[in-house]
Every structure is written in C-alpha cells, then in structure tokens.
Amino acid sequence: MIPQDTVNKILDTAQIVEVISDFVSLKRRGANYVACCPFHNEKTPSFSVSPTKGIYHCFGCGKTGSAVRFVMEHESMSYVEALKYLAKKYGIEVREKEETPEEIASRQRRESLMLVLDYTERFFQESLRTQEGRNLGYAYFKSRGLEDSTIEKYGLGWSPMKGTALCEKAIEDGYKPEYLVATGVCIQKDDGTLVDKFRERAMFPIHTVSGRIIGFGGRTLRSDYKERNIGKYVNSPQTEVYDKRTTLYGIYFAKSEIARRDRCILVEGYLDVLSMHQLGITNVVASSGTSLTVEQVNLIRKFTENVTIMYDGDAAGIHAAERGIGLCLKGGLNVRVVLIPDGDDPDSFARKHTLEEVKSFIEENERDFISYRTDQLIGDAGNDPVRRSNLVNEIAGTLALIPDQVKRAMYVQDVSVKFNIDESLVYSKINEAVRAMREEERKEEMRRQRALEAGLQASAEGGMEDGMQQSGGDGYNAGGDAGQDRGYNLSGNAGGAAPRPEPLYEDPLLLPSEKELTGLILNHGMSELEFETDSEYYDPEGFVTVADFIRDGLEVDGHQFSNSIMRKIYDEYFDLYDSSPDMTQEDIVRAILNGEDTRVADEAASMLSMRHELTVSGLRNSMTATSSFLVLTVPKAILVYKLQRVKKQELELAAALQKLRKQGGDNIREQFDILQQVQKLNNIRKNISERLGRVQ
C-alpha cells in the first residue's frame, strides 16, 4: 500500500497537461487544451483539458476525469498502478507500507512465479531460433501467413521435442522446481522427476491486460495427434497466477483499439486474433481456449459495451456464437453477430482478403442479435404456427436476459414486427422467462444455503476440520455456480467471490435535486453567499459559504441523499472541509477527483467538466455575477429538494392508505392517522411552494 503522504505528493506534482501530452497531441485553445479524443474516433477535436481544474472532458463520448483517471483509462491500469506510473514519470520514490511476513511471502512467491513465466517465454522464443525450431515451429507460423514482426511482437515460440529441455535448462539457470510445477510449465511425475508440459508444440504466450505473461497455449504439429490421443491444443492449467476464465487472448494488444473504436470483436482462436491483428484490425480478442465466461464478458465491459461475435460459419461456429450471445446480453453488452462464410474462419478469411475487404465485409454483414437469431430460425419454422410460437418463446427467453429495459423494449418492437404479433404477447413471454430465471436463482440460493448449513452442522458434530472441508467444498461450489449463473464476477483467487460494488440506488424523484446540490458544492463550496440585509437568509455576523448553507439546510432533520454516489461525494467533501481547514476548494475537489473510487471520481468530474446546468431554473445564463447567481440559486435548490422529499412522502403515504383500504377490516384508525400526516405534508408543501414563489 502506498502511504498517503506519497499519494498526496504524486497528485500534487502531476500536471494533467504534461501527463496527457505523453499520449495525445494537445493544442492550446484559450485557457484550455484540445485534441481529438483518444477514446473514440473523431475528426474534429472535442477532447478538452483544463489545467486550472485539473480535469479532461470529451464532449463527444463523455469521458471525464483527472490525470490519474486518464492513465487508468488509457493504459488499462489499476489505481495503484497509475499512481506508480506517475511517480516514475516525476521521479518520486514510492515506498509502500511495511508488509506482514505473510504478505511478503505471498508477494514474493507470486513474483517468483511471474519470473518463471517470463523465463519460459524467452526459452520458447530462443528455441524457435534453433535448427529444430526453424524447421518445425517457425515453418508452421510462416505457413499460417504470420510475418516475422508478428511472431516477435506476440512472443510466439517453440517447445523442443526433447521432453525435459525446459526443465533442465531452467533448473540449471537457478529456477526452483516447485515454481516450474506451480506455473504449470512442467509436470512432476510420480517418481519426482520433471517433464515439460508443452513438448514439441508451437507456443502462444497469454498476457494479462497490463502485458505480463501468465500462461501459454501450445499447438501440436503432429498429424496423428488423434491416434496418439493427445490434444491438438494444450493450455496452461489453472494456477495461482492464471485463470483462463478471466483471460482473453490478445487483450493486452487490443485494449487501446477496443476503447478507441468502442467495439470489441470476439473470435475463437489464437490464429484468428493474430491474422486479424496483422491485417490491421486490432480490436480483436479470443476466449483463450474456453467457452465464453461471465468473467471474460466483464473484462470486455472495462473497455466497451459493444461486442461483435465473429465465429466460423459452420454448425459448430453458429452454436458457439449462439451460446455467447446470451452471456453477453446478460452481462449488459450490446451484441452484434457476423458469421464468416462456411469453409473459412477469421484466420483464413483475413489471409485471403485485404484490410478494406475485411472491414467492408464486417460492416455489411454484422447484424444485431435479434435479426441474426430470427433469420436463423424463421426459415425452418415457415408458416407452421406451433413452430413459430416456439420460436417466439425462445427469442423471448433471450430478451429476458437483457438487464436494460429500454434496450429490451427496442428489441420487443422488432420481434413484434417480424412475427406480426402484438408487443404485449412478447412481453408476456418475457415475463414468464424472467419469473423462471428468478425461481431458478431462488432454488440455487436454497441449495447453496442447505450446503452451507450442512457444512456448519458437520463442523459442530464432527470437528472443525471436517466441517470446514465440507462447507468449503459443497457449500462453496454451490455458491460459486449460483453466482456465475446470475452473472456475478467471481474471483478465481483463494477467498471466493470478489466484492461487488454497492448498488447505485437512484430515486427518480430526488436524484435531479441531489445532483444539483452536489454540483453546487463541488463548483462553489467555499464561495460566500452575500445576502442583502432584507433577505430572510441574511446573517449579521457575516457571510456563510455555499457548503455550510447547504449542509445546514439538509442536515437540520438528519436527512441523507438517497443516491449512493451523491452521498459519497457529499461525505468526502465535508470530511476534508472539516478536517483540513488549510485546504482550498481546489485542493478538496482534486482529492475527490483522484480518489480510488472511480465511480465517485467520474461523477464528480462530470459535474466540473461543463458549466453546471440548473435543474431548478435557467437563471445561470442570465447572471452577470457569480455572487448574484449563487444568492438566488442555492436557497432555491434546497427548497426544491425539500419539496421533492415532501412529494415522495406523500406518494408513500398514498400507497400505504390504498393498501389499508384494500385490506378492509377494522383499520379506520390507521387510515385516519395517515390522512392526518398527509394533511401536514400538504401544508408543508404549500409553504415551500409559496417560498419558492418569493425567490422567483
């Protein structure tokens, strides 16, 4: 962990214009700098950098953030990695806090494993340059149309025919046998001797998002591999550093182009990726020797919400595409499908055509999933009403996977037109599918709970060790399977499920006002409200700041924002405001923008990136002085928020009253109490409305 004083030094030193200029050519325009956005395609610059505010904002795609956020987004780094990058850029020494012996041992072991994998990649590359490697591995890569630059860039190699070549050389060079086994590059036999896992194979290194080697895929060149009962491809096993479920082949080389084009093309194999990249289409990744997983969908979502599934046009490719569609939809991705003509795959198709021909083919043939799915099946159904009904049911089940109801509604319109049926019928089938999915989730949760309880019972009756073994086995696996079915991102690391972010609760009635007040605090928190002496808000003891005025207005009744992000921004601001009296408004805002919670930083940056538009009035454009604008706006914003809260309470009471009336029986007293509360709220609402009229 980086000490906070070091973090502060990094943030104080980093200049956003200098940082972004390392990646983008900026041109001064007035007080700001502009460029074509590095996150999406554009010809006219809409990417603006403000050195005074310390933020960037693209008016085209909406990307916004600080210097740290830019490095995280552009280079796909974590918060800590981005801080270390900036520290290195500005020559700041980073001494992380003292680790426990266990933490040190774990970190050192992991780093040792990574060093073994780096060594193994170099070994395979050097083996490719031997006579054997050139005659076999290199000749194979060239036969597949790969150029020398591609072979070198992607670290392709050769594992020698001698079954102990890597083991012997690595041990000779000082690498421990236990790490060779732990990384999966060597296998320990029953007699304790080591043999190479990837004997006599063309090798494809697998990289993390940040470019580290974590595993390998190896292809045999033997034509008799089936008779010899060996796999055509062999991949690294699950290890402490490699989980194939969370990895996409080519992601390190594709991530920037995926983000820039706002689209990911998903293919099946290593060579599909390499041939497409070599051709010039570099936003392409593959699912790394496994069927598409929830974790891989989540990885794609880090860079884009748009995915094009590009699989073979044969039966197996069509089946794989259909299987991936549902997973992508459930993960919130926008899915399009393009099938390569039967007889080809993306690899061979890319080698047969020019860059422009492949681009044109994709643009002309990619289709949204509903058009693809209906056209695939509607021909078989013909005019048979039963088969068409079954087809609608199947498509409705797919639509039920889409979490965004607006997107779902658009697809429902398409289905109703294609099948000439009423939308309500489609929605009825979707609702049935949703209920079925929820019931299955409920059953899975019950199974998980029963397994967990069985483990705890066994622990109590048969000893802690046996009980924990049962709970950690059956109980954990049941929970893991249920979590994956629901689309949760489960960590492959020891410890079970990765923490999920707090749900973003948004009350549609209160959110606009909460954003308004938060924006006023971020933009003008330390500005003083200069009320006239005849104002009801005038304080003879002196002016009050915008931040204090809003806090006093909100916290008089102990109310908190309903939206979790607004509440976090509010709390972070006042924590710094109260605890650090020497901090300026700019210091506080910068600390929030550079915080580790990217959702908070992104939302705060969006409020600072453009002139704050009022939800309570359009007065800002007519104000010639900020002080006049604030005197009118801040009190009004608080009153509007209180009015919305009253309306929310009235709606809740109306619903409670309706429920009591439906119940019938002897609940007249409860109904009367609610009517009294409604009358009180009605008076409060009238009072606030009158006050708002005086402000106007």
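The values are calculated or read from the model by the stated rules, or taken from the named source; none is laboratory data. Quick caveat: nothing in here was measured; it's all calculated off a predicted structure. Cβ coordinates were reconstructed from backbone atoms using ideal geometry, including for glycine residues, and neighbour counts include every protein chain displayed. The area values use the complete protein model at the heavy-atom level, side chains included, leaving out ligands, DNA and RNA. Shrake-Rupley method; radii C 1.70, N 1.55, O 1.52, S 1.80 Å.
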For this session: Could you please tell me which pairs satisfy a Cβ distance under 9 Å, a separation of 6+ or placement on different chains, a first residue in the range 425-448 that is among the basic types (Lys, Arg), and a second residue that is buried (at least 16 other Cβ atoms within 10 Å of the Cβ) and not in a helix (DSSP H, G or I)?
Result: Lys429/Ala400
Exercise. Residue check: is Phe39 assigned to a helix (DSSP H, G or I), among the aromatic types (Phe, Trp, Tyr) and out of contact with any Pro (no Cβ under 6 Å at 6 or more places or on another chain)?
Worked result: no
Exercise. In the range 79-94, which residue that is assigned to a loop (DSSP other than H, G, I, E, B) and touching a helix residue (DSSP H, G or I) at 6+ places or on another chain (Cβ under 7 Å) is farthest from His57 (Cα to Cα)?
Worked result: Val94
For this session: Just one of (1) buried (at least 22 other Cβ atoms within 10 Å of the Cβ); (2) among the aliphatic types (A, V, I, L, M); (3) not in a helix (DSSP H, G or I) trips up Val209, so point out which.
Result: (1)
For this session: Tell me, yes or no, whether the range 44-67 has at least one residue that is in a helix (DSSP H, G or I) and under 24 Å from the mean Cα position of the chain (by Cα).
Result: yes
Exercise. Taking the range 394-409 only, how many residues are over 17 Å from Arg323 (Cα atoms), touching a helix residue (DSSP H, G or I) at 6+ places or on another chain (Cβ under 9 Å) and not basic (Lys, Arg)?
Worked result: 2
For this session: With respect to Lys63, determine if the residue is of a type outside the set (A, V, I, L, M, F, W, C) and under 21 Å from Arg261 (Cβ atoms).
Result: yes
Problem set entry | All positions within the range 672-696 that are modelled with pLDDT under 80, in a helix (DSSP H, G or I) and polar (S, T, N, Q) | none
Exercise. For the range 529-548, how many residues meet the condition of being charged (D, E, K, R), within 28 Å of Met583 (Cβ to Cβ) and at pLDDT below 80?
Worked result: 2
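Give Gly397, Gly455, Gly462 a once-over and let me know the one that is on the phi < 0 side of the Ramachandran plot, modelled with pLDDT under 80 and crowded, with 17+ Cβ neighbours inside 10 Å.
Gly455
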For this session: State yes or no: is Asp243 more than 21 Å from Lys142 (Cα to Cα), of a type in the set (Asp, Glu) and open to solvent by less than 30 Å² (accessible area, probe 1.4 Å)?
Result: yes
Exercise. Among the residues of the range 668-690, which ones are open to solvent by less than 60 Å² (accessible area, probe 1.4 Å), over 45 Å from the mean Cα position of the chain (by Cα) and in contact (Cβ under 8 Å) with a residue 12 or more places away in the chain?
Worked result: Gln671
Exercise. Before we move on, is Leu520 under 20 Å from Thr633 (Cβ atoms), at pLDDT below 85 and out of contact with any Leu (no Cβ under 7 Å at 6 or more places or on another chain)?
Worked result: no
For this session: Starting from the range 161-172, take each residue that is over 13 Å from Glu132 (Cβ atoms) and list its partners that are of a type outside the set (Lys, Arg) and part of a helix (DSSP H, G or I), counting only C-beta distances under 7 angstrom and pairs at least six apart or across chains.
Result: Leu166/Thr120; Leu166/Phe123; Cys167/Leu180; Lys169/Phe123; Ala170/Tyr119; Ala170/Leu180; Ile171/Pro177
For this session: Tell me, yes or no, whether the range 223-233 has at least one residue that is of a type in the set (S, T, N, Q) and surrounded by fewer than 19 Cβ atoms within 10 Å (Cβ to Cβ).
Result: yes
Seminar exercise, completed: All-but-one check, Tyr138 against (1) exposed (fewer than 12 other Cβ atoms within 10 Å of the Cβ); (2) farther than 27 Å from Ala259 by Cα, failing number (1)
Exercise. Glu73 is checked against (1) touching a Gly at 6+ places or on another chain (Cβ under 9 Å); (2) modelled with pLDDT of 90 or more; (3) of a type outside the set (A, V, I, L, M, F, W, C); (4) surrounded by 15 or more Cβ atoms within 10 Å (Cβ to Cβ) and fails just one. What number does that condition carry?
Worked result: (2)
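Residues that are charged (D, E, K, R) and at pLDDT below 80: which helices (runs of 4 or more DSSP H) entirely in the range 555-611 hold 2 or more of them?
Correct list: empty, since no element meets the threshold.
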Seminar exercise, completed: Note on the range 2-42: residues among the charged types (D, E, K, R) and out of contact with any strand residue (DSSP E or B) (no Cβ under 9 Å at 6 or more places or on another chain) are Asp5, Lys9, Asp12, Glu18, Asp22
Seminar exercise, completed: Sole miss for Leu115 among (1) more than 17 Å from Thr220 (Cα to Cα); (2) aliphatic (A, V, I, L, M); (3) open to solvent by less than 80 Å² (accessible area, probe 1.4 Å) is condition (3)
Exercise. When the range 626-667 is examined, which residues are found to be within 36 Å of the chain's Cα centre (by Cα) and open to solvent by 40 Å² or more (accessible area, probe 1.4 Å)?
Worked result: Lys642, Lys647, Lys648, Gln649, Leu651, Glu652
Problem set entry | Filtered residues of the range 5-45 (kept if among the hydroxyl-bearing types (Ser, Thr, Tyr) and open to solvent by 70 Å² or more (accessible area, probe 1.4 Å)) | Ser25, Thr44
Problem set entry | Options Thr130, Thr164, Thr100, Thr193; residue that is polar (S, T, N, Q), open to solvent by 20 Å² or more (accessible area, probe 1.4 Å) and touching an Asp or Glu at 6+ places or on another chain (Cβ under 7 Å) | Thr164
Exercise. Of the numbered conditions (1) in contact with a helix residue (DSSP H, G or I) (Cβ under 7 Å, 6 or more places away or on another chain); (2) within 21 Å of Gly324 (Cβ to Cβ); (3) surrounded by fewer than 18 Cβ atoms within 10 Å (Cβ to Cβ), Tyr427 satisfies every one except a single condition; which is it?
Worked result: (2)
Exercise. Taking the stated definitions as given, is Ile151 touching a helix residue (DSSP H, G or I) at 6+ places or on another chain (Cβ under 7 Å), farther than 30 Å from Pro346 by Cα and hydrophobic (A, V, I, L, M, F, W, C)?
Worked result: no
Exercise. Among the candidates Ser127, Ser112, Ser106, which residue alone is at pLDDT 95 or above and closer than 27 Å to Leu194 by Cβ?
Worked result: Ser127
